[in-house]
There are 2 protein chains.
Amino acid sequence: MTITAPAGFEAAGIAAGIKQSGNADLALVVNRGPLDAAAAVFTSNRAQANPILWSKQVIRDGVVSAIILNSGGANCFTGPQGFQVTHRTAEAVAGALGIGAGDVLVCSTGLIGDQLDGDVLEAGAIAAVAALSDEGGEDAARAIMTTDTKPKTVVVGGQGWSIGGIAKGAGMLAPGLATMLVVLTTDAVLDSAALDEALRAATRVTFDRLDSDGCMSTNDQVTLLASGASGVTPEPAEFVAALTEACRSLALQLQADAEGASHDIAIEVVGAASEDDAVEVGRSVARNNLFKAAVFGNDPNWGRVLAAIGTTTAAFDPYEVDVSMNGVRVCHAGQPDRPREEVDLTPRAVHVLIELHAGDAAATIWTNDLTHDYVHENSAYSS
Amino acid sequence: MTITAPAGFEAAGIAAGIKQSGNADLALVVNRGPLDAAAAVFTSNRAQANPILWSKQVIRDGVVSAIILNSGGANCFTGPQGFQVTHRTAEAVAGALGIGAGDVLVCSTGLIGDQLDGDVLEAGAIAAVAALSDEGGEDAARAIMTTDTKPKTVVVGGQGWSIGGIAKGAGMLAPGLATMLVVLTTDAVLDSAALDEALRAATRVTFDRLDSDGCMSTNDQVTLLASGASGVTPEPAEFVAALTEACRSLALQLQADAEGASHDIAIEVVGAASEDDAVEVGRSVARNNLFKAAVFGNDPNWGRVLAAIGTTTAAFDPYEVDVSMNGVRVCHAGQPDRPREEVDLTPRAVHVLIELHAGDAAATIWTNDLTHDYVHENSAYSS
């Protein structure tokens with residue numbers, strides 16, 4: 001059910017002919033109300049795709065009735081012609097639904113630098129409206145997939161209300177939203193300001209801490225739509241907790257399906273002087289290719305962890321740091337501790353615990369290993 | 001002849017038994033004078049190996065008589081015991097040469113987090129002194145190799161004086177010196193202040209612009225020794241030019257032998273508002289795994305270049321940027337230009353030209369592609 005689990009939403013996922021493969025490539029989610037409140041967060045990449053430029057205008061008033069998402073092309077670095085296709089897509093949705101185009105968000109994902117065919121998008125948008133169903137969430141989840149091997153969905157229940165979500169993303173996973181498209185729906189009664197606050201709180205500790213390959217996308221967007229159809233207004237803290245749970249579930253599904261990955265790595269940094277320090281340290285390790293290649297080879301090469309930490313500005317003394325890998329403390333106070341042979345990195349899940357002994361703050365960054373398959377998939381993406 | 005080409009230098013390279021393979025693993029370079037002036041630059045990684053901690057003290061007075069370098073172990077994160085091995089190695093060299101240990105630089109390279117055997121180092125140091133020769137430069141170049149497939153050497157001649165150099169480094173190539181050990185010698189008559197100024201000027205535009213895999217080492221050191229044996233004092237600009245030429249040659253040799261690489265990529269950024277901007281943009285592209293994997297697949301995926309530029313703080317408008325790959329302008333003003341099919345990326349040398357149209361500054365960053373062999377070599381390094 002996913003995004004159509006909360007009351008008040010319809011969705012569709014169709015093959016509009018954007019992908020040469022003939023696979024599903026166009027998703028539509030419509031908020032039937034009674035509310036039409038929404039919030040969204042966008043990529044922090046300064047090179048932003050045309051649908052991002054469009055959607056940033058649409059979200060300004062916090063009113064959104066529909067969101068249309070295409071795979072098969074990012075519509076980025078495509079200039080005025082590309083922007084026109086985005087605009088035309090929104091107009092087609094609006095015309096078929098009898099609403100204003102200014103209430104229609106647009107998302108795109110795929111290869112950067114290729115033009116999309118406006119005729120195909122317009123016809124697809126009209127077909128998607130005709131295919132809307134209150135059980136269309138799964139179809140929508142499939143239609144936004146690119147190199148994803150499986151759809152990512154979530155439903156989290158509250159007291160008389162619920163949150164549903166779909167996500168796509170398998171490569172270019174990095175902050176500024178872990179390069180992905182996410183749609184979250186809820187039938188809770190919340191205005192756009194409350195939604196915005198909750199969405200920023202939830203993404204800050206979930207999607208923004210997923211850093212699969214250090215590459216930030218031009219098309220990231222996470223959208224939260226509220227229909228108010230449950231008639232229930234949850235406590236803010238309760239809603240944030242449920243939304244965070246939904247976002248964490250989707251983030252971990254993205255990690256588990258990252259292109260070519262053979263390990264899911266959680267880098268937990270504790271004893272940091274600040275949360276920012278903990279995030280910086282975790283991210284520096286997550287982006288170290290030598291460390292990531294070592295994990296691929298089941299090699300507990302903790303020296304590469306410390307070498308990565310040394311590139312940060314975080315407060316720490318190299319000769320006070322402890323490092324554990326899958327429960328074995330291999331480095332204590334910056335010196336060898338347990339023999340590295342005791343570490344078992346054969347499971348897919350890898351836990352690296354870094355104790356900085358510089359304070360009380362902590363953060364966990366999720367990443368993947370660097371594998372032959374990652375290289376292969378990304379060397380052949382556009383061909 | 002390499003580092004023994006300039007008059008006044010002797011060198012040796014021997015198998016001291018540090019490497020289990022039995023390959024050469026200990027190099028020694030001795031300055032016979034009449035001058036004993038020196039300068040050195042070190043890794044900017046905050047996690048610094050014991051030989052770095054030692055050598056920073058030695059270089060303070062600008063007087064260096066010898067430098068000993070071992071492969072087979074980085075002696076990093078090895079605590080007081082590791083520092084004692086470094087100290088003992090310097091003392092052994094000093095004792096055999098009849099000089100003070102405070103005039104002996106020490107460098108180490110290899111796996112982080114393993115202790116070196118002090119007895120082996122001490123015996124090796126004494127044996128290296130016995131093996132000194134004014135034709136020992138090639139042996140020294142071989143003894144510092146780790147995963148290098150070939151020694152890196154250079155000789156640049158001046159008017160009555162010359163510069164020689166050796167370098168090692170094949171992985172962990174990134175700024176803060178491109179993770180490597182380099183020894184440069186000259187028989188020019190220059191004091192340590194002049195050497196320091198020249199060395200910083202030369203490394204800034206050579207080794208500091210080599211960024212093979214974004215990973216910064218804990219053991220980087222570039223050392224310049226002057227014997228004054230030629231009796232000639234070159235013009236400062238002339239010496240800097242020759243030293244820069246020597247450093248550029250060694251940097252490009254390092255790039256050409258980078259672990260597992262199949263392409264040598266020069267990322268030339270022009271039209272930048274400042275040189276710092278140009279370097280930041282070049283480096284962001286050089287560190288983008290998706291771009292690097294695409295080059296491995298001979299795929300001119302220029303969207304990944306622009307997505308990487310978008311993560312920087314450099315002054316630019318995404319819709320003014322031009323990108324050319326191996327001579328074909330595939331992106332003009334942030335939009336598709338020539339078809340990507342016209343780009344031939346099959347040669348090992350790849351030239352990416354980025355025109356920001358934001359000013360007059362420029363810089364070139366050298367990097368490599370991300371290949372199956374890179375992943376393989378670095379997943380198996382410590383095993």
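Give B:K56/B:K292; A:K152/B:K292; A:K19/A:K292; A:K56/A:K292 a once-over and call out the pairs whose C-alpha atoms are over 30 Å from each other. Among B:K56/B:K292; A:K152/B:K292; A:K19/A:K292; A:K56/A:K292, the Cα-Cα distance tops 30 Å for B:K56/B:K292; A:K19/A:K292; A:K56/A:K292. For the pair region B:58-72 / region B:180-203, the C-alpha centres are spaced 13 Å from each other.
Under 5 Å between amide hydrogens, built in the peptide plane, is the criterion, and for B:H263 it picks out B:D369 among residues at least 5 positions away or on other chains. One Cα centroid belongs to region A:312-383, the other to region B:128-153; the line between them spans 35 Å.
Take each residue of peptide A:34-45, count the partner chain Cβ atoms within 10 Å of its Cβ, and average: the result is 1. Stretching B:D317 away from B:K56 to a fully extended chain increases their span by 89.7 nm, per 0.36 nm per residue minus the current alpha-carbon distance. Basic side chains Lys and Arg get +1 at the Cβ, acidic Asp and Glu get -1 at the Cβ, and with that the dipole of the protein assembly as shown about its Cα centre reaches some 320 debye.
Screening chain A for whole DSSP H helices of 15 Å or more along their axis (Cα) with average Kyte-Doolittle hydropathy at least -1.0 returns A:79-97, A:118-130, A:192-204, A:236-256, A:275-286. Applying a DSSP loop filter and a limit of 13 other Cβ atoms within 10 Å to the trypsin sites (Lys or Arg not before Pro) in region A:327-383 leaves A:R348.
A simple count of charges around B:E238, restricted to other residues whose Cβ falls under 14 Å of its Cβ and scoring Lys, Arg +1 and Asp, Glu -1, yields -3. Applying the Karplus relation 6.51 cos²θ - 1.76 cosθ + 1.60 with θ = phi - 60° to region B:319-332 yields 3J(HN,Hα) values of 9, 10, 6, 10, 10, 10, 10, 6, x, 10, 7, 8, 9, 10 Hz, where x marks Gly and Pro. Per-residue Karplus couplings for region B:339-348, computed as 6.51 cos²θ - 1.76 cosθ + 1.60 with θ equal to phi - 60°, are listed in order as x, 5, 5, 6, 7, 10, 9, 6, x, 5 Hz, Gly and Pro entered as x.
Loop-located chymotrypsin sites (Phe, Trp or Tyr not before Pro) across region A:3-104 with a Cβ neighbour count of 14 or fewer within 10 Å are lacking, with loop assigned by DSSP. Toward the positive end of the charge dipole of region A:192-317, with +1 on the Cβ of Lys and Arg and -1 on the Cβ of Asp and Glu, the farthest Cα among A:A314, A:L225, A:F239 is that of A:A314. Using only the Cα atoms of chain A, each taken as one equal point scatterer with no solvent, compute I(q) by the Debye sum, divide by I(0), and report log10 of the ratio at q = 0.11 Å⁻¹. For the requested q values the scattering log ratios are -0.75. Full extension of the segment from B:E342 to B:N23, taken as 0.36 nm per residue of separation minus the current Cα-Cα distance, would add 110.2 nm.
Placing a label point 7 Å from Cα along the Cα-to-Cβ direction at A:D134 gives distances to the equivalent points in the other copies of 9.6 nm, listed shortest first. Each copy carries a label point for B:I99 at 7 Å from Cα toward Cβ; from one copy, the others' points are 7.8 nm away, ordered from shortest. Projecting 7 Å from Cα along the Cα-to-Cβ direction, the label point of A:R338 sits 5.7 nm from its equivalents in the other copies, listed shortest first.
Averaged over peptide B:8-16, the number of partner chain Cβ atoms lying within 10 Å of each residue's Cβ comes to 0.
A DSSP coil position with no more than 16 other Cβ atoms inside 10 Å describes the following GluC sites (Glu not before Pro) in region A:93-171: A:E135. Overall, region B:264-379 carries a charge dipole of about 300 debye about its Cα centre when +1 sits on the Cβ of Lys and Arg and -1 on the Cβ of Asp and Glu, all other atoms neutral.
A simple rule links phi to the HN-Hα coupling: the Karplus curve 6.51 cos²θ - 1.76 cosθ + 1.60 with θ = phi - 60°, which for region B:151-162 gives x, 10, 9, 7, 9, 10, x, x, 7, x, 9, 8 Hz, with x for Gly and Pro.
Using a Förster distance of 30 angstrom, determine the FRET efficiency expected from the C-beta separation of A:S44 and B:F83, and round it to 0.05. In this case the efficiency is close to 0.10.
The simple Förster model, with R0 at 45 Å and r as the Cβ-Cβ distance, assigns A:A123 and A:Q159 a FRET efficiency of 0.60.
The alpha carbons of the protein assembly as shown occupy a box of 91, 53, 37 Å along the principal axes, longest dimension given first. Only Cα pairs under 8 Å and 6+ residues apart enter the sum, and on that basis the relative contact order of chain A stands at 18 percent.
Only the coordinates and a few stated rules stand behind these numbers; no lab work does. Fair warning: this is a prediction, and the values are worked out from it, not measured in the lab. Glycine gets a Cβ as well: all are built from the backbone with ideal geometry, and neighbour counts include every protein chain shown.
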